[in-house]
1. Go over the candidates Val59, Val83 one by one and state the one that is closer than 26 Å to Arg108 by Cα, β-branched (Val, Ile, Thr) and more than 10 Å from the chain's Cα centre (by Cα).
2. Given the criterion more than 27 Å from Lys106 (Cα to Cα) and within 10 Å of the chain's Cα centre (by Cα), identify the matching residue among Ala67, Ala29.
3. Mind listing whichever residues of the range 49-79 are part of a loop (DSSP other than H, G, I, E, B) and surrounded by fewer than 17 Cβ atoms within 10 Å (Cβ to Cβ)?
4. Going residue by residue through the range 29-45, is there one that turns out to be in contact with an Asp or Glu (Cβ under 7 Å, 6 or more places away or on another chain) and modelled with pLDDT under 95?
5. Can you confirm whether Glu46 is surrounded by 14 or more Cβ atoms within 10 Å (Cβ to Cβ) and more than 16 Å from the chain's Cα centre (by Cα)?
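The values are calculated or read from the model by the stated rules, or taken from the named source; none is laboratory data. Computed from a predicted structure; not experimentally measured. Because the Cβ atoms are built from the backbone with ideal geometry, glycine has one as well, and the counts that use them run over all protein chains shown.
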Amino acid sequence: MICVEEVLNCIQCHDESYGDIAERWKSTADGLIKKTEPKLKKIREEIQRLERMGKHTFVFTKSFGDAEYNFTLVKKGKGAHNVEYAEELIESVNIRLDQLEEKLTKER
């Protein structure tokens with residue numbers, strides 16, 4: 001749920017209809033975050049496991065860092081602006097995480 005203050009901020013710049021729009025954007029962003037967060041955690045844990053084993057992980061950590069950065073951008077943005085961009089970022093995060101998962105599988 002988006003807070004009343006955030007809705008009022010939308011309405012100040014736009015009109016009353018943006019209160020409902022902000023709610024939908026927030027709901028969409030929350031759904032994307034909820035779907036992606038477990039995958040992000042799983043890949044992070046797998047990279048950490050390889051590090052504990054003494055394996056080189058730079059090729060994974062760089063790509064993971066990019067994915068995590070984009071994920072955090074969407075999460076902190078709370079879907080308040082440009083939900084289409086948030087969707088594109090999360091899609092790119094998921095593609096990168098899928099690629100990492102495939103590469104990490106070969107390291108097991």
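1. When all the criteria are applied, what remains is Val59.
2. Values: Ala67 fails: more than 27 Å from Lys106 (Cα to Cα).
Going through Ala67, Ala29 in turn, the sole match is Ala29.
3. Met53, Gly54, Lys55, His56
4. yes
5. Yes: the conditions hold for Glu46.
The rows are residues; the columns are (1) among the hydrophobic types (A, V, I, L, M, F, W, C); (2) modelled with pLDDT of 95 or more.
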| residue | (1), (2) |
| --- | --- |
| Phe64 | yes, yes |
| Lys76 | no, no |
| Glu87 | no, no |
| Val93 | yes, yes |
| Leu104 | yes, no |
